[in-house]
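Just so it is clear, none of the values below were taken in a lab; they were calculated from the coordinates. Model, not experiment: these values are computed from the prediction. With ideal geometry, Cβ positions are generated from the backbone for all residues, glycine too; neighbour counts draw on all protein chains shown.
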Amino acid sequence: MPNENEYKAALSKYRLEKAQESLKYAKILMDNGGYAEAVNRAYYSIFHATRAVLAIDGADRKKHSGVISYFQENYVKTGAFDKECSYILKNAFSIRQESDYEDFYVVSKDEAQAQIDNAETFLKKVTEYLCKR
């Protein structure tokens, strides 16, 4: 039976793998013209990466907004992650919400590509952070 730190590390690794998989599918969707779906998957890549960070500290929240708030308060404000990460996370959430739930909201190719680029940046920073832990 794994101890608590081993469990946290395994959970973090699992969530990071989910983040990488979501980014992979975002790119596939982007290449096939599924811009709204690519934005959705790019957001989930960022979201799962965020939860991978929280897992190391044994923290989690039930709502997306709670995960975002916890990350802002405990990682961005403390300097563990820069403000660019804060912007990427909040922006991805906002665009995903609009794309998924607003009638007549059309995601452009450029907007989708920007979200994929942001997800790549975010995932890289999270991976670097987790490797230091």
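Separation of the alpha carbons by more than 21 angstrom is noted, of LYS18/LYS83; LYS13/LYS124; LYS13/LYS109; LYS18/LYS77; LYS77/LYS132; LYS63/LYS109, for LYS18/LYS83; LYS13/LYS109; LYS18/LYS77; LYS63/LYS109. Summing Lys and Arg as +1 and Asp and Glu as -1 over all other residues whose Cβ lies under 12 Å from the Cβ of TYR14 gives a net charge of +3. Can you match Rg and Dmax of the Cα atoms in Å to one of these, [x] 15.4, 45; [y] 14.3, 46; [z] 14.8, 51, based on a calculation from the structure here? After the calculation, the listed value that fits is [z].
In summary, the aspartates and glutamates within cross-link reach of LYS8, defined as a Cα separation below 15 angstrom excluding same-chain residues under 8 places away, comprise GLU17, ASP57, ASP60. Ranked by the mean number of other Cβ atoms within 10 Å per residue, highest first, peptides 7-17, 77-87 order as 7-17, 77-87. With the highest mean first, a sort of the peptides 38-44, 101-107 on other beta-carbon atoms found within 10 angstrom per residue produces 38-44, 101-107.
Using the Cβ of GLY66 as centre and a radius below 12 Å, the other residues enclosed give a net charge of +2, where K and R count +1 and D and E count -1.
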